[in-house]
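To keep things clear, I will list the structure first and then write my remarks on it.
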Amino acid sequence: MNDHSKNAAGAAETMIRHEPGVPVIKNINWPGMRALYRKEVRRFMKVQLQTVWAPALTTLLFLIIFLLALGGEGRMLSLKGQQVHFADFIAPGLIIMGMINACFANSSFSLLVGKIQGTLVDYLMPPISVGEMLFALVASSVTRAVMVGFALWLAMALWPSVHVTPVHFWAILWFGLLGCSFIAFLGVLTSIWAEKFDHAAAVTNFVIGPFALLSGTFYSIDRLPPLFQAISHANPFFYIISGFRYGFVSAADTNVMVGSAVILTLNIVVGCATYGLLRRGWKLKA
């Protein structure tokens, strides 16, 4: 055997390191997960005017309406005995509400558009596990939410009568990231269940929108009758918004530790349910 043949045989032996059926990737497929994450981020960044800046501008209009058109600029609001400027009260709620809407819109799109366009195989065939695919989808949605939230925070920080200086940075990170993760899981669940865009739009209009608007974004629940206070406490969005607001004004409608436990529990429950449905391939595989 000449030197050329020996080199070719050595190269072939180096390339074939595993028998057929033996998994090559035994742990986490970091390159594959990173590739899917980057693909999802690039998808919404290609139309960032629609996916990032438009939602931020729309949410900012709520602030302008409440402060200027409705004369709320000089109002004070009592939050658990603490006097807070109305502008400082609604600004954090609007930020996290914009993040929630953007996060759900992103996570409810990927698998659904794959079903409609016939490209779902691009998510199911690559050598990544169910957990890795779910993590990439959720992480990309949270990334979009963070971008929208930062754009809103920057715009509100430049507004003369609004103060959005972080006070408890841990609360902003905890409720912001966990809250958006919970919404991202709901979005992936929706994209698994939905068969057309109307289904996803129905969840947005009849679940996400009302829950976000009726969660204390524009008012303190202390002003509500006892029945409606109980209904508000049954709304998971209430704990996200209240805890996120605590990071800016050091006051909340409910106990922050209770809210933290509720959001963490919801993430575990909904995350496990989403993982289970993805693993079964419900409405995804023939």
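Since every read-out is calculated from the coordinates, none of them should be taken as a lab result. Because the structure is predicted, anything quoted here is derived from the model rather than measured. In this analysis, Cβ positions are derived from the backbone assuming ideal geometry, glycine residues included, and neighbour counts consider all displayed protein chains.
In order along region 151-162, phi translates into HN-Hα couplings of 4, 5, 4, 5, 5, 6, 5, 8, 6, x, 9, 10 Hz, rounded to whole numbers, per the Karplus curve 6.51 cos²θ - 1.76 cosθ + 1.60 with θ = phi - 60° and x for Gly and Pro. Only helical runs count toward this figure. For the chain, summing -39,500 (n - 2.57) over DSSP H runs of n ≥ 4 and dividing by all residues gives -21000 deg cm²/dmol at 222 nm.
Relative to a virtual label point 7 Å from the Cα of residue 39 in the Cα→beta-carbon direction, which members of region 102-128 show backbone nitrogen distances below 19 Å? Only 106-128 fall inside the zone, counting backbone N under 19 Å. Spin-label model, residue 157/residue 28: points 7 Å from Cα along the beta carbon direction are separated by 3.0 nm. Its relative contact order, with pairs defined as Cα atoms under 8 Å and 6+ residues apart, puts region 29-280 at 26 percent.
I'd like to compare 154-160, 59-65: which one has the highest average count of other Cβ atoms within 10 Å, and what's the full order after that? Could you put the intermediate results ahead of the total?
Values: 154-160: 13.1, 59-65: 16.0.
By packing density, highest mean first, the sequence is 59-65, 154-160.
Note that region 33-49 has calculated 3J(HN,Hα) couplings of 5, 5, 5, 5, 4, 5, 4, 5, 5, 5, 4, 7, 6, 5, 10, 5, 4 Hz, one per residue in order, obtained from phi through the Karplus relation 6.51 cos²θ - 1.76 cosθ + 1.60 (θ = phi - 60°); glycine and proline are x. A crude spin-label estimate for the pair residue 117 and residue 170, with each label 7 Å from Cα along the Cβ direction, gives 4.3 nm. Computed from label points 7 Å out along Cα-Cβ, the spacing between residue 273 and residue 83 is 4.4 nm. Shown for the chain: lysine pairs separated by 8 or more places, or found on different chains, whose C-alpha atoms are under 27 Å apart, numbering 13. Among 249-258, 45-54, 105-114, the peptide with the highest mean count of other Cβ atoms within 10 Å heads the list, and the full ranking is 105-114, 249-258, 45-54.
How fast does region 194-286 diffuse by Stokes-Einstein, in µm²/s, taking the Kirkwood radius from C-alpha pairs at 37 °C and 0.692 mPa s?
Values: Rh = 15.2 Å.
It diffuses with D of about 216 µm²/s by this estimate.
Using a Gaussian network model of the chain in which every pair of alpha carbons under 10 angstrom is joined by a spring, one finds that among 146, 188, 121 the greatest mean-square fluctuation is at 121.
The base-10 log of I(q)/I(0) for the chain, evaluated at q = 0.10, 0.13 Å⁻¹, reads -0.58, -0.89 [Debye formula, identical scatterers on Cα atoms, solvent excluded]. Over all other residues within a Cβ to Cβ distance under 15 Å of residue 109, the charged ones net out to +3, with Lys and Arg as +1 and Asp and Glu as -1. Evaluating 6.51 cos²θ - 1.76 cosθ + 1.60 at θ = phi - 60° for every residue in region 267-277, the Karplus couplings come out as 4, 5, 5, 5, x, 5, 5, 5, 4, x, 5 Hz, glycine and proline recorded as x. Taking amide H as placed 1.01 Å from N in the peptide plane, the amide H of residue 79 sits under 5 Å from that of 84, each at least 5 places away or on another chain.
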